[in-house]
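The values are calculated or read from the model by the stated rules, or taken from the named source; none is laboratory data. All of these numbers come straight from a predicted model, not from anything done at the bench. Here Cβ is always computed from backbone atoms with ideal geometry, including for glycine, and neighbour counts include all displayed protein chains. To get the accessible areas, we keep the full protein, side chains included, count just its heavy atoms, and leave off ligands, DNA and RNA. Shrake-Rupley method; radii C 1.70, N 1.55, O 1.52, S 1.80 Å.
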Amino acid sequence: MHRVSLPEIGTFDAWRSQARALLGAGVPPEQVLWARGQAEADLFARDLPMPVGAAATVPRGFVDLARRVVWHRDPERFARLYALLWALGRNRRLLEDQGDARVDRLRKMAKEVSRDRHKMTAFVRFRDIGTPETNRRRFAAWFEPSHYIMEPVAPFFAGRFGDMDWSIFTPDLTAHFEGGALRFAPAAPRPDLPDDATEDLWRTYFQNIFNPARLKIKAMQAEMPRKYWHNLPEARLIPQMIAGAQARAQAMAEAAPTLAPVRAKRILGRAEMDMPVTGDDPLQGLGECRRCPLWDGATQAVPGEGPMDAPLMIVGEQPGDREDLEGRPFVGPAGQMFDAVAARAGLDRTRAYVTNAVKHFKFTPRGKRRIHQAANAGEISHCRWWLDVERARVAPKLILAMGGTAAESLTGSRAALRQRRGAIERLGDGTPVLVTWHPSYLLRLPQAGRAVAEAEFLSDLRQVVGMLRGMEP
């Protein structure tokens with residue numbers, strides 16, 4: 001049996017050195033007793049000469065894991081690490097096994113150490129204990145960590161508070177930083193640290209930033225566990241702030257202004273746009289729409305046109321360059337193609353209400369040209385409100401949705417357009433919708449494929465004409 005006693009300072013480096021030597025000598029885990037300092041020493045184990053062997057190479061992930069686990073308070077941490085190191089010699093991919101109990105236990109220990117280190121950096125409170133002959137202000141703090149983390153955390157404080165001298169006392173170890181040099185000393189009793197004016201200022205600030213209306217006690221205690229409260233000057237205020245939170249929140253509500261500030265007025269103005277429009281002409285506000293950024297680059301909003309009692313509503317995607325300039329839907333190349341195919345199908349456009357899912361032209365400038373850009377989901381969603389107003393006003397018996405944007409605005413999805421083309425879908429209110437190609441899609445196709453798509457488009461328009469005839473009284 002080999003007994004290995006590790007020092008309280010430099011524990012990781014000492015463990016790594018000893019573990020590599022043991023591994024190189026082929027000593028199995030069950031033949032080693034580990035201890036750190038006198039507190040963990042096994043009084044019944046005998047010190048035996050350490051074997052000297054070749055250095056072993058291990059995965060980088062294990063080294064990172066060991067650098068944290070060695071500071072855990074579990075007395076079996078060194079043995080657990082060496083057992084895993086031994087197993088890695090036979091299976092180097094063992095760390096990737098999420099179901100291995102040994103790996104899982106060590107990862108949990110490492111996580112607990114990392115959390116403890118984070119809490120120490122957050123909850124150490126220094127107190128001013130005067131200025132010695134060196135003219136460097138001196139501070140001290142007392143902290144009670146859950147694990148042996150003073151050594152690995154001390155460099156953080158040295159970097160953060162390098163312009164002052166300080167000492168941090170813990171039940172396990174003491175760290176001193178003096179004149180820019182860091183050193184460690186044995187544990188000492190908790191010193192009597194006086195309050196100072198800085199703490200009074202901090203308590204005043206803490207009390208003033210406390211928002212009683214957003215108090216969540218469980219969440220607060222998860223981030224600031226009660227075990228740390230007795231070392232935190234501001235923690236003395238927490239019980240009374242919790243007790244008075246409800247009364248303070250009520251007082252804040254009663255003291256709130258009755259008139260909305262300017263910013264709130266703008267927000268309320270946008271909210272009013274989301275409310276149903278009443279009056280003879282619910283679409284009269286379209287020209288002032290600011291629901292999405294598209295209005296800023298467009299010439300104007302393009303409303304729908306046609307009889308307000310039309311049995312058919314034709315919904316395209318968005319205005320193009322010509323539509324943006326003239327303020328009318330479907331007057332550009334795509335509209336001209338639609339008119340030509342509709343004439344062959346026997347569909348009279350003047351008897352339909354024609355509109356677009358998006359009311360402003362979205363484009364990218366390219367020289368003197370404006371290149372059409374597809375509207376995104378947010379822009380479609382913002383403009384759906386106007387389309388719903390048009391649907392409510394016209395109350396069509398049938399809707400023709402041309403293209404993916406129209407399909408998404410009406411049905412919530414533009415997926416599988418090829419499979420859906422020519423089929424009848426139902427909206428939430430039961431209105432039938434026939435999905436088809438957009439004329440601009442046909443114009444973009446090469447000549448070889450355009451004939452097939454145009455024939456499908458013609459077939460869909462003829463289907464619309466037949467359905468409308470079937471709906472006539």
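At 1.4 Å probe size, put Met467, Met1, Met164 in order of accessible surface, largest to smallest.
I get Met1, Met467, Met164, largest accessible area first.
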### Query
In region 90-153, which trypsin sites (Lys or Arg not before Pro) are in a loop and have at most 16 other Cβ atoms within 10 Å, using DSSP for the loop call?
Arg90, Arg92, Arg93, Arg136, Arg137
#### Entry: Per-residue HN-Hα couplings for region 211-222 [Karplus 6.51, -1.76, 1.60; θ = phi - 60°; Hz; x = Gly/Pro]
10, x, 6, 10, 5, 9, 5, 5, 5, 5, 6, 5
#### Entry: Filtered trypsin sites (Lys or Arg not before Pro), region 387-473: DSSP coil and at most 16 other beta carbons within 10 Å
Lys397
#### Entry: Rounded percent of accessible protein surface that carbon and sulfur make up, region 299-357, 1.4 Å probe
52
### Summary
Scan of the chain for GluC sites (Glu not before Pro) in DSSP loops with at most 14 other beta-carbon atoms within 10 Å gives a longest site-free stretch of 134-473
### Query
Which distance in Å, rounded to a whole number, links the C-alpha centroids of region 297-359 and region 395-414?
14
#### Entry: Note, ³J(HN,Hα) from phi for region 317-331, Karplus 6.51, -1.76, 1.60, rounded to Hz, x at Gly and Pro
8, 6, x, x, 4, 5, 4, 5, 7, 8, x, 10, x, 6, 10
### Query
How much accessible surface area, in Å² rounded to 10, belongs to the heavy atoms of Asp116 with a 1.4 Å probe?
10
### Message
Kirkwood hydrodynamic radius, the chain, all distinct C-alpha pairs: what's the number in Å?
### Response
30.4
### Task
Quick one: angle between helix 11-24 and the longest Cα principal axis of the chain, in degrees between 0 and 90, rounded to 10, please.
90
### Task
Treating only the Cβ atoms of Lys and Arg (+1) and Asp and Glu (-1) as charged, compute the dipole magnitude of the chain about its Cα centre; round to the nearest 20 debye.
900
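Of the beta bridges DSSP finds with both residues in the chain, what % are antiparallel, to the nearest 5?
Details: 20 of 43 bridges.
Counting only bridges with both partners in the chain, antiparallel ones make up about 45 percent.
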